[in-house]
Amino acid sequence: MMKDMGKLFLCGLCAAMWTMAGLAKAPEKGAFGTAFQDLAGDDQANFVATVNRSMTNRDEPLDDKSILTLYRVNRDAVKASSAADRKTVLAAVFATAPLQCLPYFADHLAADLFTRKAAGFRDDDDSFVEFASAALMRISLKLNTIPIEDRPGARSAFAVIMFLKASEGKPEDLREAFMMYVRSGSHAIARKTWFPAAFGDDNQPPSYQPILDAKEKGEEPPHHIPMPIATPQLTTWLRGEGDTKNNAADVSGPTPSDSMHGGILEGDGGQDAGLSRVPRPAVFGKDSPYHTRRRGDHPNGDDPGGYMGQTF
């Protein structure tokens, strides 16, 4: 009887020690533990995006407590994801977190997850650069899918800054090497203003404010039309021309430099070569001064064919 009780006690003690060991390891994966690994990579990313967007759609800016809470959720999601899915989850973090949170995220994710010691790179520069480059590439691809209003240029800069801070200055030329992962259109301002301010170059206090205040200049090409396309002559022709007729002697029409017709290259602003022609109804109208029989081309009344310069 005593032996049986002794066995039960030992079994219970072992079970308790096993449970305590499991609880001790749980913080290694954050609040999500190993349950997060049961989700596919895309589902993990969607979970992070859903949480972040729920905090983004607010009328007032987030307070410090909310930013800290949201950081912990994002940090633990990245920490709990498998090695194969970590870059996908990290890309969702930078693509969907409220922009005002990213300064805090960049600083603390660098220290908590991606330094050589935290990530297990030790002093191996090559391994760190390889992982950081692959992660930044994944983030860049994700940022290409978000609208310009969500500030993809600024988000890409924060992602690069995070890995630059995690690198702890090694290798020394990494800032310029990682500049390629800043979204196209923001390279110049990132090199000249954003990064020097973020790292406190020239003995200035570090600041993320220039990134937060920027307006994403150069992200999209200008949408205005540089010159008029639908001229009055073209509009008249489109309204009056019922069919087309090609002149075999002059299919292409005069060149833009032809002085008698004018053209775009001459800068007249109202003529476009090949389209500023006499409308067809005016050519065949008997009372029109442009009627072919009045122009002296064909005094015998034979088929006039196309008039000079006609291209349609």
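Report Rg (one decimal) and Dmax (nearest whole number) for the range 66-149, counting Cα atoms only, units Å.
That works out to 12.9, 39 Å for Rg and Dmax.
Given +1 on the Cβ of Lys and Arg, -1 on the Cβ of Asp and Glu, and no further charges, what dipole in debye does the range 136-218 carry about its Cα centre, rounded to the nearest 20?
Dipole magnitude for the range 136-218 comes out near 280 debye.
Please label the shape of the range 104-196 as rounded, prolate or oblate, based on the square roots a ≥ b ≥ c of the eigenvalues of the alpha-carbon gyration tensor (a/c under 1.5 means rounded; beyond that, a/b larger than b/c means prolate, else oblate).
Here the range 104-196 falls in the prolate category.
Over the range 36-149, with the other protein chains present, what is the accessible area per residue in square angstrom, probe 1.4 angstrom?
On the way: 5740 Å² over 114 residues.
Averaged over the residues of the range 36-149, the accessible area is 50 Å².
The values are calculated or read from the model by the stated rules, or taken from the named source; none is laboratory data. Predicted model, so just to flag it, every value in this text is computed and none were measured. Please note: Cβ atoms are built from the backbone with ideal geometry, for glycine as well, and neighbour counts cover all protein chains shown. Keep in mind that these areas ignore ligands, DNA and RNA; they rest on the heavy atoms of the full protein, side chains included. Shrake-Rupley method; radii C 1.70, N 1.55, O 1.52, S 1.80 Å.
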